[in-house]
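Everything below concerns the one structure shown next.
The values are calculated or read from the model by the stated rules, or taken from the named source; none is laboratory data. Computed from a prediction, not measured in an experiment: that's the story for all the values here. All Cβ positions, glycine included, derive from the backbone under ideal geometry; neighbour counts span all protein chains shown. SASA here: full protein model, heavy atoms, side chains in, ligands and nucleic acids out. Shrake-Rupley method; radii C 1.70, N 1.55, O 1.52, S 1.80 Å.
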Amino acid sequence: QVQLVESGGGLVQAGGSLRLSCAASGRIDSTNAVGWFRQAPGKEREFVAAFWWRHSNTYYGDYVKGRFTISRDNAKDTVYLQMTSLKPEDTADYYCAAGRTVGLSWRPGEYDYWGQGTHVTVFS
């Protein structure tokens, strides 16, 4: 089993920045990638970014490219999502997920473990 705990959400003005954290514990070595997803009220969960452990490869959703960065702190088994130039449409619950055999990283079904989420509100 893998446990994921997100933190770092909050209220931020448009144009500002936030850094989300995803602390992983348990059988991390059984997973090959971690992803961030988000879900706004009344909308489907959508892919934000993914990070593969082995090669540190990353992949981003089109609407966050150039603004968000996913990274890992190897010593802490923590994955970060640095968000900059935030927009009101980035307002959502953000979820961290890990998968044992993630390939098509934008698909929620690729992931086996999910955190409880952290909320981000961006106001104009």
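The table for this structure:
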read-out: Cut-off under 5 Å, modelled amide H: who pairs with Asn32 long-range; value: Gly99, Arg100, Thr101, Val102
read-out: Relative contact order, percent, the chain [alpha-carbon distance under 8 Å, six or more residues apart]; value: 36
read-out: Percent carbon-and-sulfur accessible area, region 1-80, ignoring ligands, DNA and RNA, probe 1.4 Å; value: 45
read-out: Probe 1.4 Å, accessible area per residue of the chain, Å²; value: 52
read-out: Low-density loop positions, GluC sites (Glu not before Pro), region 1-73 - DSSP coil, at most 12 other Cβ in 10 Å; value: Glu44
read-out: Residue range of the chain that is longest and free of trypsin sites (Lys or Arg not before Pro) which are both DSSP loop and sparsely packed (at most 11 other C-beta within 10 Å); value: 77-124
read-out: Solvent-accessible ranking of Thr31, Thr121, largest area first, probe 1.4 Å; value: Thr121, Thr31
read-out: Calculated FRET value between Ser17 and Gln39, using beta carbons and R₀ = 22 Å, to 0.05; value: 0.55
